[in-house]
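First comes the structure, then the notes that go with it.
The values are calculated or read from the model by the stated rules, or taken from the named source; none is laboratory data. These numbers come from a predicted model, not from an experiment. Every residue, glycine as well, gets a Cβ built from its backbone with ideal geometry; the counts of neighbours run over all protein chains shown. Calculation scope for accessible area: heavy atoms of the full protein, side chains included, ligands and nucleic acids excluded. Shrake-Rupley method; radii C 1.70, N 1.55, O 1.52, S 1.80 Å.
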Amino acid sequence: MDTSPPEPKLSALYQELILDHYRRPRNKGTLEHPTYAVSLNNPLCGDEIDLQLLVEDAVIRDVRFVGRGCSISQASASMMTHLLKEKSVPQALTLAGRMSAMMQGDDAAAKDKALGDLRALAGVAKFPVRIKCALLPWNALTDAFKSRA
Ligand code: ZN
């Protein structure tokens, strides 16, 4: 029996954007002096993410990640890090909320330009098993800020 999660059927254009981030991840690597570092995994799919943030004056100056796993989790991490640079911590948490709403099938969130390339992942909402993949880097982000709050 094949127990691997089903591959979401996404539009070709979105599929291409996701694969582009997966193959050429933005902000991959580690920071020399991160203010926040969180490691999370998604045992359902085997996805792993180490997220590091450099925050100064409540603004995300830099963000990097190292990860392994499916295209959805790694593309989400790449898209997220791209979006987070120079955002304030409250802005980042607002984006995490929008992302979570989009994964719950919220149409308004799926059309929110603030989410940038991440809107390509809107179709994942139809695949409950994969939602955890898409939200893994975001959960790492909210965990990071929670741990110091
Ligand atoms: Zn996954």
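Tabulated values for the structure
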| quantity | calculated |
| --- | --- |
| Options Arg61, Arg68, Arg130, Arg119: the member that is touching an Asp or Glu at 6+ places or on another chain (Cβ under 6 Å) and either farther than 12 Å from Leu141 by Cα or open to solvent by 10 Å² or more (accessible area, probe 1.4 Å) (or both) | Arg68 |
| Residue satisfying all of: in segment 25-62; basic (Lys, Arg) and in a strand (DSSP E or B); farthest from the ligand (Cβ to nearest atom) among these | Arg61 |
| Residue list for segment 99-116, filter: within 25 Å of Val66 (Cβ to Cβ) and surrounded by fewer than 19 Cβ atoms within 10 Å (Cβ to Cβ) | Ser100, Gly116 |
| Cβ pairs under 7 Å, 6+ apart, first in segment 77-88 and under 9 Å from Pro25 (Cβ atoms), second in a helix (DSSP H, G or I) and at pLDDT 95 or above | Ala77/Pro137; Ser78/His21 |
| Matching residues in segment 109-149 - criterion: being of a type in the set (A, V, I, L, M, F, W, C) and within 15 Å of the ligand (Cβ to nearest atom) | Leu121, Val124, Ala125, Phe127, Val129, Ile131, Cys133, Ala134, Leu135, Leu136, Trp138, Ala140 |
| Pick from segment 3-53, criterion open to solvent by 80 Å² or more (accessible area, probe 1.4 Å), in contact with a Leu (Cβ under 9 Å, 6 or more places away or on another chain) and of a type in the set (Ser, Thr, Tyr), ranking: farthest from Leu118 (Cα to Cα) | Ser39 |
